[in-house]
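Q: Pasting in a structure now, in structure tokens, and then I'll have a few things to ask.
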2 protein chains.
Amino acid sequence: MPDVKHFDPDAVLETVVRLFWRQGVATTGIQDVVTATGLNRSSLYATFGGKQELYRAALRRYTDQRSRPAFRSLAQDQRGLRAVAEFFDGLIEARCAGEHARWGCLVVNAHAGAENGDPEVRALLDQHHQELRDAMLAALVTAEAQGQLAAGTDPGAAAELLALLAYGVNLRSRAGADAGSLHMTVTAALQSLSSRTVV
Amino acid sequence: MPDVKHFDPDAVLETVVRLFWRQGVATTGIQDVVTATGLNRSSLYATFGGKQELYRAALRRYTDQRSRPAFRSLAQDQRGLRAVAEFFDGLIEARCAGEHARWGCLVVNAHAGAENGDPEVRALLDQHHQELRDAMLAALVTAEAQGQLAAGTDPGAAAELLALLAYGVNLRSRAGADAGSLHMTVTAALQSLSSRTVV
DNA sequence: GCTATCTTGAAACGGTCATTCCAAGTTAGT
DNA sequence: ACTAACTTGGAATGACCGTTTCAAGATAGC
């Protein structure tokens, strides 16, 4: 009986993700969203609710579609430190060149804003961090089993270290950090964790 | 002949720093500044100019009064890796407890916002990064001279690594990261850089 | 005490913010 | 074709944004 939506909510949300990602939440107005998506306020509010709910939905979509797949392939990669190195290679490439260059990471950016006061947002940040750390841990456990880790290295602590390093890469890339310098830094980190038999 | 200011611009700026630091720039209105400082719009604009100039001044004050002194004492500390460890200890303590707990770092937060589009802000971020890296480097060169670094460790790359780690600590602490976990991570990082003769 | 020069208080500026409302339009089942 | 249920366009909401303006007040040198 009812009328049906004249747009694809998923495509709209993807547009919103990119808006918040590039410009930040606080500096992006509902008018920007209306202009970029082409739909009007009524449809926007009826579909997603207000701005904060829209931001939460964007954050969820970002982690679902971008973060988690990358974490999954890292966790499943059986090559140990090589897997970690390639994860960072892809990250740096995506952050410094191409369509999303200098956008950083939506989740990392969210840490710095005032929007992390929202408990639901905070929970998403924590979940994202845990998933990143766990993926690193899986790769490091594999590396350890293959004798790639330096003696006495705690995979758990090293996983947390690499996760924080990823935050740093995301942050600095947004301010224009040089890709070569970031690559060098990651290489140094991995070398410091590795037994010197592999490099 | 003229009248003289009825307030201390330096004290006002310190109040503004804390406002921007805690709440973020985008979410802090001029009205918030007026309320927090007690002075009115005329005096505010006559003394500091508009909001963007006020923010730039706050950033300069933050780096002058908070970042740079910490960097200086790190660079001058002759104990090598121990100096680095204490730098991070102080950082984590300041970020997770006390008056500024969960505020993160004003400069790190600035990376994520839209305000880094301002060339002058961008320059401040780059300068801050360089000073942090240089301080780390000085400590690491000292460590190397004392045989504290693992063979084959490049102090320059390691300095950059530790700088990025500091960004990660600042970011995650703002989202409520546990101090103990951060300490553990820093310890793991330093251990991975150290020759196993010292711990 | 007068004056030149600055500061201060308070109101007002146009613009943009997120959100709401409602009449008109569209659809699917009867 | 009629209707119930929903969507859409577009205007309107009041609140707040950063900034400007200007008359009144305060100060230091004469």
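The values are calculated or read from the model by the stated rules, or taken from the named source; none is laboratory data. Just so we're clear, the structure is a prediction, and the values are computed from it rather than from any experiment. Methodologically, a virtual Cβ is constructed for each residue, glycine included, from the backbone with ideal geometry; neighbour enumeration extends over all protein chains shown.
Q: Of all residues in region B:134-160, how many are charged (D, E, K, R), in a helix (DSSP H, G or I), at the interface with chain A (Cβ under 10 Å from one of its Cβ atoms) and surrounded by fewer than 22 Cβ atoms within 10 Å (Cβ to Cβ)?
A: The total comes to 0.
Q: A further question on this structure: Residues of region B:163-181 being in contact with a Leu (Cβ under 8 Å, 6 or more places away or on another chain) and either more than 7 Å from every other protein chain (Cβ to nearest Cβ) or not in a helix (DSSP H, G or I) (or both), which ones?
A: Across region B:163-181, the qualifying residues are B:163, B:166, B:170, B:173, B:175.
Q: Taking the condition of being of a type in the set (S, T, N, Q) and surrounded by fewer than 22 Cβ atoms within 10 Å (Cβ to Cβ), how many residues in region B:161-190 meet it?
A: 2
Conditions tested, residue by residue: (1) within 16 Å of DNA strand D (Cβ to nearest atom); (2) buried (at least 18 other Cβ atoms within 10 Å of the Cβ); (3) closer than 23 Å to residue B:23 by Cβ.
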site: A:20; (1), (2), (3): no, yes, yes
site: A:70; (1), (2), (3): no, no, no
site: A:81; (1), (2), (3): no, yes, no
site: A:90; (1), (2), (3): no, no, no
site: A:93; (1), (2), (3): no, no, no
site: A:107; (1), (2), (3): no, yes, yes
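Q: Here is a follow-up. How do the pairs read when you match residues in region B:21-44 that are more than 12 Å from chain A (Cβ to nearest Cβ) with residues anywhere that are of a type in the set (Lys, Arg) and more than 8 Å from DNA strand D (Cβ to nearest atom), using Cβ under 8 Å and keeping only pairs 6 or more apart or on different chains?
A: B:43/B:5
Q: State whether the residues of region A:51-65 include one that is more than 15 Å from the chain's Cα centre (by Cα) and within 14 Å of DNA strand D (Cβ to nearest atom).
A: Checked region A:51-65: at least one residue is more than 15 Å from the chain's Cα centre (by Cα) and within 14 Å of DNA strand D (Cβ to nearest atom).
Q: For region A:107-125, indicate whether the set of residues that are assigned to a helix (DSSP H, G or I), farther than 16 Å from residue B:188 by Cβ, within 8 Å of another protein chain (Cβ to nearest Cβ) and modelled with pLDDT under 95 is non-empty.
A: Checked against the condition, which is being assigned to a helix (DSSP H, G or I), farther than 16 Å from residue B:188 by Cβ, within 8 Å of another protein chain (Cβ to nearest Cβ) and modelled with pLDDT under 95, region A:107-125 yields at least one hit.
Q: Could you tell me how many of the residues in region B:24-56 are more than 14 Å from DNA strand C (Cβ to nearest atom), crowded, with 17+ Cβ neighbours inside 10 Å and part of a helix (DSSP H, G or I)?
A: Going through region B:24-56 one residue at a time, the tally reaches 3.
Q: Within region B:66-119, take every residue that is of a type in the set (S, T, N, Q) and farther than 14 Å from residue B:170 by Cα and give me the one that is nearest to the chain's Cα centre (by Cα).
A: The residue in question is B:73.
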